[in-house]
Amino acid sequence: MPIPQPIAEFLLKRMLVITGIVEDLPQQENRIEVDKDGKIRLFHKFHSYDVFRSRYYMTKLKRVFRSAGAVLCFGAMGDKDDIHTSHQVGTTRFGKDPNTSVLDEHCRLHDHENVFVVDGGFMPNALGVSPALTIAANALRVADTILQKAII
């Protein structure tokens, strides 16, 4: 049932929304696959330690806000979310060994000289913050590599 407009407006003027983010740790089971029909499927599950850290963090934040005078504190967690897609990283592991990684240190596919991946896939995790600047910086680094090696 929606909140009546006058009450929503009253609350909105007095509410402060704060989001706390706890990065879910990389897990080998979390992945993206393409099935035989070409449909893309995302597999994601939170580790129990991720859920523990999120609950712990939420409890601590509520305690701090209440001691600062907050009248009402509530929180929500995404621990039941099996299609978590915020700031996806780590989908194309990079490294020197083609048996354990998809990309080399220049974010180039091991088996294709002219294919580079410059999204967040190379990052092992996002450290609980938006990875946008790191992705942009890496894209510039990879672009320099492409220019230096004259790969077009």
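Just check segment 5-67 against the gyration tensor rule for me: Cα atoms, a ≥ b ≥ c as the square roots of the eigenvalues, rounded for a/c under 1.5, and otherwise prolate or oblate depending on whether a/b exceeds b/c. Because a/c hits 1.5 or more and a/b fails to exceed b/c, segment 5-67 counts as oblate.
In this simple spin-label approximation, TYR56 and ARG141 carry label points 7 Å from Cα along the Cα→Cβ vector, and these lie 3.0 nm apart. Put in order of Cβ neighbour count within 10 Å, fewest first, the listed residues PHE46, PHE65, PHE52 become PHE52, PHE65, PHE46. Would you work out if segment 87-152 is rounded, prolate or oblate? Take a ≥ b ≥ c from the square roots of the eigenvalues of the alpha-carbon gyration tensor; rounded if a/c is under 1.5, else prolate when a/b is larger than b/c, oblate otherwise. Taking the square roots of the gyration eigenvalues as a ≥ b ≥ c, segment 87-152 is oblate. Summarising the label geometry, the points placed 7 Å from Cα in the beta-carbon direction at LYS149 and ILE32 lie 2.2 nm from one another. Extension gain, ASP119 to ASP97, is 5.9 nm, computed as 0.36 nm per intervening residue step minus the present C-alpha separation. Taking the helices alone, the chain has a mean residue ellipticity at 222 nm of -9500 deg cm²/dmol, built from -39,500 (n - 2.57) per DSSP H run of at least 4 residues and averaged over all its residues.
Rounded to the nearest 20 debye, the dipole magnitude of segment 87-152 is 100 debye, with +1 charges on Lys and Arg beta carbons, -1 on Asp and Glu beta carbons, and the Cα centre as origin.
Every read-out reported here was derived from the displayed coordinates using simple, explicitly stated rules and does not represent laboratory data. A quick note: this is a predicted structure, and the numbers were derived from the prediction, not measured. No Cβ is skipped: glycine too gets one built from the backbone with ideal geometry, and neighbour counts run over all protein chains shown.
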